[in-house]
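These notes concern the structure reproduced below.
The values are calculated or read from the model by the stated rules, or taken from the named source; none is laboratory data. These numbers come from a predicted model, not from an experiment. Note that each Cβ is placed from the backbone with ideal geometry, even for glycine, and that neighbours are counted across all protein chains shown. Remember, those area values only see protein heavy atoms, side chains included, never the ligands or the DNA or RNA. Shrake-Rupley method; radii C 1.70, N 1.55, O 1.52, S 1.80 Å.
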Amino acid sequence: MLEKVLIGSRRYWSWIAFLVLFIGVGVFYYLRQLDYGLGITGMSRNVTWALYIAQFTFLVGVAASAVMVVLPYYLHNYKAFGKITILGEFLAVASVMMCLMFIIVDLGQPARAFNLLIYPTPSSILFWDMIVLNGYLLLNIVIGWTVLACEKKSVPPPRWVKPLIYISIPWAISIHTVTAFIYAGLPGRSFWLTAIMAPRFLASAFASGPALLILLCLILRKFTRFDTGKEPVQTLAKIVTYALVISIFLVGMEIFTVFYSQIPEHMKHFQYLFAGLEGHRALVPWMWASVFLAGAALILLINPRTRKNESLLAVACVAVFGSLWIEKGLGLVVTGFIPSPLGKITEYYPTGPEVLITLGVWAMGFFILTVLYKVAISVKEEIEA
Amino acid sequence: MKSSRRTFLKITGLSLMGWGAKPVLEVLARNESSKILKPPEALKAKRWAMVINSRRCPHGCTDCIQACHNIHNVPDFGNEKDEIKWIWHERFGDAFPGQEHPYIQAGVKERPVLVLCNHCENPPCVRVCPTQATFKRAEDGIVMMDYHRCIGCRFCIAGCPYGARSMNYRDPRPFIKKINPAFPTRTKGVVEKCNFCVERLAAGLLPACVVACKEKALFFGDLGNPDSDVRKLLRAHFTIRRKPELGTQPQVYYIV
Ligand code: SF4
Ligand code: SF4
């Protein structure tokens with residue numbers, strides 16, 4: 001099936017060329033980072049995880065959200081998702097690949113990454129995260145590819161795939177839960193020390209992931225002959241709506257607990273995020289943009305008339321994705337370090353090379369996604385023809 | 001089990017191949033590497049601990065810091081972003097958050113507080129490290145690092161509630177004023193911190209900071225020995241520890 005990747009329109013090839021350009025720039029700067037060290041980024045003694053790890057965290061969510069199409073289709077036999085499960089699974093594959101790449105680019109000694117396997121350490125959450133992420137990647141590649149290959153031959157998928165599909169459902173939940181535990185189990189990092197970290201992660205993931213999937217469906221409809229139809233898009237829109245509401249609700253819980261208890265160590269991080277602390281307000285405009293986008297998306301999504309209008313729905317999905325990217329891909333990680341355990345406020349600004357490496361990884365992810373979607377859609381077009 | 005491992009190391013001379021940093025550091029601490037067992041003069045303890053009498057710390061004195069950083073090849077990048085430090089001064093209110101109030105005893109607030117890795121009894125940095133590059137030595141509780149195993153993921157930095165750890169964001173070697181050949185330098189991309197001078201203890205010497213302090217503000221000793229200096233001080237004075245509520249059980253005690 002992979003040969004489908006090599007045949008495409010001009011538009012397809014220009015898109016590929018566009019991605020390759022960004023990948024190339026990213027690789028160039030990554031080589032410079034390897035040479036100079038992570039000091040090439042904006043990270044500092046006090047802010048030791050930033051853009052890279054935040055992207056990783058955000059993308060784990062996008063990967064996990066594939067369960068939102070797999071579960072209704074396989075568990076509840078919701079036929080309308082039949083056409084898009086493969087899109088969900090391949091989106092998961094591309095996202096997990098990006099996650100792994102972001103972890104690698106964040107390592108100070110990437111050549112020693114295999115120490116993770118040579119000295120397995122079950123007390124470390126990173127060890128478990130490595131297991132669940134790689135397992136999830138494997139599950140989705142195997143399931144997606146096998147089911148698609150059978151569709152191509154118009155035969156039912158082999159029996160052994162079913163159990164894998166059922167395993168992949170709780171497994172999706174596990175990847176984001178374990179990722180939340182990386183943060184939620186650390187003493188002295190009050191911003192992350194909250195039991196609802198995992199539920200919050202899941203809620204925001206189930207909003208941002210399906211929002212992206214809706215956008216991808218709409219894009220595919222516009223540029224290819226592949227049409228998912230209206231129903232799955234509308235069902236996804238409802239999922240996004242509920243997940244967004246829950247996500248906002250959970251953030252509200254957090255804010256109540258922090259500000260009603262008035263424990264300074266817990267309040268300071270939120271103050272830094274939304275109001276600035278001692279004149280440091282690098283993230284304040286971003287966070288308010290996130291709030292505004294979430295609010296606007298909520299209005300568009302809750303109202304059935306606007307939700308059913310696909311152009312407005314697209315706007316809402318962009319807003320959801322943007323809002324949650326700011327919340328998780330920007331605010332969540334950095335703010336855990338501000339102020340530092342010693343009360344220092346060190347602002348973090350990503351550097352040019354850091355941004356370009358980040359874009360390079362994203363481009364790599366979209367490259368993988370494009371290739372996988374190209375295969376899937378060529379197969380589906382072939383069947384319909 | 002321990003002795004059989006040591007015999008094995010002696011026989012094969014594989015001690016530098018990453019079988020844990022313990023033998024490695026012991027080798028490095030002694031110049032003739034034929035003997036891996038500890039020399040007879042080595043200082044031993046059930047539980048090493050430090051007592052800091054910050055009342056004795058005069059303003060502006062940095063003897064202990066200089067001694068430590070020189071001996072351990074700690075680089076000076078000249079900027080806060082990439083900064084690496086093992087032992088340094090903090091404001092009282094930053095070292096002991098929540099302990100400061102407007103009517104506090106005169107002098108306490110202004111006095112610099114010396115901070116370093118607490119060699120916690122229950123160290124979160126060890127718990128989170130995915131490669132065991134950070135580990136607690138079973139025999140005396142020192143929290144140590146294997147710089148050859150660390151992958152630079154910085155999980156330990158997120159895990160340490162005391163800001164005791166630093167990352168080598170760049171190659172540190174060009175920024176070391178005078179390299180001490182008796183102690184390893186680090187590469188870029190690994191984390192480092194105070195090691196309670198394991199290499200000196202193995203050679204029968206007290207930690208460099210303790211020796212360098214002319215004011216006798218630092219004390220080092222064995223908590224397992226009721227007659228040790230640190231136990232005597234802990235009996236005679238009211239002492240506090242940093243963030244005791246976190247359950248990490250810091251082994252650096254302060255007389256304030
Ligand atoms: S002070 Fe920090 S680095 Fe030292 S043992 Fe405790 S947690 Fe680990
Ligand atoms: S940076 Fe090194 S010592 Fe710290 S957790 Fe990662 S591997 Fe362990």
**Study point:** Unmet criterion (only one of (1) open to solvent by less than 70 Å² (accessible area, probe 1.4 Å); (2) farther than 30 Å from B:Tyr162 by Cα) for A:Ala184
**Key:** (2)
Practice item. Filter segment A:96-118 down to residues that are more than 11 Å from ligand 2 (Cβ to nearest atom) and either small (Gly, Ala, Ser) or within 21 Å of A:Trp171 (Cβ to Cβ) (or both), then give me how many there are. Key: 10
Review point. What residue, of A:Lys344, A:Lys328, A:Lys380, is farther than 30 Å from A:Thr85 by Cβ and basic (Lys, Arg)?
Key: A:Lys344
Revision key, fill the gap. Going through segment A:252-270 in order, the residues found to be open to solvent by 70 Å² or more (accessible area, probe 1.4 Å) and more than 22 Å from A:Ala282 (Cα to Cα) are A:Met253, A:Phe256, A:Thr257, A:Tyr260, A:Gln262, A:Ile263
Check your understanding: Just wondering, is there one or more residues in segment A:47-60 that are at pLDDT below 95 and open to solvent by less than 10 Å² (accessible area, probe 1.4 Å)?
Key -> no
Point to revise | Given (1) touching a residue at least 24 places away in the same chain (Cβ under 8 Å); (2) open to solvent by 30 Å² or more (accessible area, probe 1.4 Å), index of the condition A:Lys222 fails | key: (1)
Revision key, fill the gap. Apart from one, (1) charged (D, E, K, R); (2) buried (at least 16 other Cβ atoms within 10 Å of the Cβ); (3) more than 14 Å from chain B (Cβ to nearest Cβ) all hold for A:Asp106; the odd one out is (3)
Check your understanding: So which of A:Arg189, A:Arg200 ends up being in contact with a helix residue (DSSP H, G or I) (Cβ under 7 Å, 6 or more places away or on another chain) and either surrounded by 23 or more Cβ atoms within 10 Å (Cβ to Cβ) or part of a helix (DSSP H, G or I) (or both)?
Key -> A:Arg200
Check your understanding: Restricted to segment A:121-142, and to residues that are farther than 20 Å from B:Ala158 by Cα and of a type outside the set (A, V, I, L, M, F, W, C), which residue is farthest from ligand 1 (Cβ to nearest atom)?
Key -> A:Asn140
Point to revise | Restricting segment A:119-149 to residues that are among the aromatic types (Phe, Trp, Tyr) and more than 13 Å from ligand 2 (Cβ to nearest atom), the residue that is farthest from the chain's Cα centre (by Cα) | key: A:Trp145
Exercise for review: Name the residue, out of A:Met43, A:Met68, A:Met101, that is closer than 21 Å to A:Ala211 by Cα and under 23 Å from the mean Cα position of the chain (by Cα).
Suggested key: A:Met68
Check your understanding: Considering segment B:113-148 alone, what residues qualify as being on the phi < 0 side of the Ramachandran plot and open to solvent by 20 Å² or more (accessible area, probe 1.4 Å)?
Key -> B:Glu121, B:Asn122, B:Val126, B:Arg127, B:Phe135, B:Lys136, B:Ala138, B:Glu139, B:Tyr147, B:His148
Review point. B:Phe196 fails exactly one of the following numbered conditions: (1) more than 16 Å from ligand 1 (Cβ to nearest atom); (2) assigned to a loop (DSSP other than H, G, I, E, B); (3) farther than 13 Å from B:Val74 by Cβ. What is the number of that condition?
Key: (1)
Review point. Out of all the residues in segment B:56-75, is one or more more than 14 Å from chain A (Cβ to nearest Cβ), surrounded by 14 or more Cβ atoms within 10 Å (Cβ to Cβ), assigned to a helix (DSSP H, G or I) and at pLDDT below 95?
Key: yes
Exercise for review: Select, from B:Gly189, B:Gly159, B:Gly221, B:Gly204, the only residue that is in contact (Cβ under 8 Å) with a residue 24 or more places away in the chain, within 14 Å of another protein chain (Cβ to nearest Cβ) and more than 14 Å from ligand 1 (Cβ to nearest atom).
Suggested key: B:Gly189
Exercise for review: Name, by its number, the condition in (1) at pLDDT 95 or above; (2) open to solvent by 10 Å² or more (accessible area, probe 1.4 Å); (3) among the hydroxyl-bearing types (Ser, Thr, Tyr) that does not hold for A:Ser378.
Suggested key: (1)
Review point. Would you say A:Leu164 is part of a helix (DSSP H, G or I), of a type in the set (A, V, I, L, M), open to solvent by 30 Å² or more (accessible area, probe 1.4 Å) and under 28 Å from A:Pro210 (Cβ atoms)?
Key: yes
Review point. For B:Leu206, are the conditions met, namely being part of a loop (DSSP other than H, G, I, E, B) and surrounded by fewer than 24 Cβ atoms within 10 Å (Cβ to Cβ)?
Key: yes
Exercise for review: Within segment A:65-78, identify whether any single residue is closer than 26 Å to A:Thr177 by Cα, buried (at least 22 other Cβ atoms within 10 Å of the Cβ) and aromatic (Phe, Trp, Tyr), and answer yes or no.
Suggested key: no
Practice item. Scan segment A:165-190 and report the pairs whose first residue is free of Cβ contacts under 8 Å to residues at least 24 places away in the same chain and whose second residue is open to solvent by less than 10 Å² (accessible area, probe 1.4 Å) and of a type in the set (Val, Ile, Thr), with Cβ atoms within less than 8 Å and a gap of 6+ or a chain change. Key: A:Pro187/B:Thr248
Practice item. Identify, from the list B:Ile240, B:Ile176, the residue that is more than 12 Å from chain A (Cβ to nearest Cβ) and within 16 Å of ligand 1 (Cβ to nearest atom). Key: B:Ile240
Revision key, fill the gap. Restricting segment B:120-150 to residues that are under 19 Å from A:Ile125 (Cβ atoms), assigned to a loop (DSSP other than H, G, I, E, B) and among the hydrophobic types (A, V, I, L, M, F, W, C), the one nearest to ligand 1 (Cβ to nearest atom) turns out to be B:Cys120
Check your understanding: From the list B:Gly163, B:Gly152, B:Gly159, which residue is more than 9 Å from ligand 2 (Cβ to nearest atom), small (Gly, Ala, Ser) and open to solvent by less than 30 Å² (accessible area, probe 1.4 Å)?
Key -> B:Gly163
Check your understanding: Just a yes or no: is a residue in segment B:98-114 more than 12 Å from ligand 2 (Cβ to nearest atom), under 29 Å from A:Ile53 (Cα atoms) and free of Cβ contacts under 8 Å to residues at least 60 places away in the same chain?
Key -> no
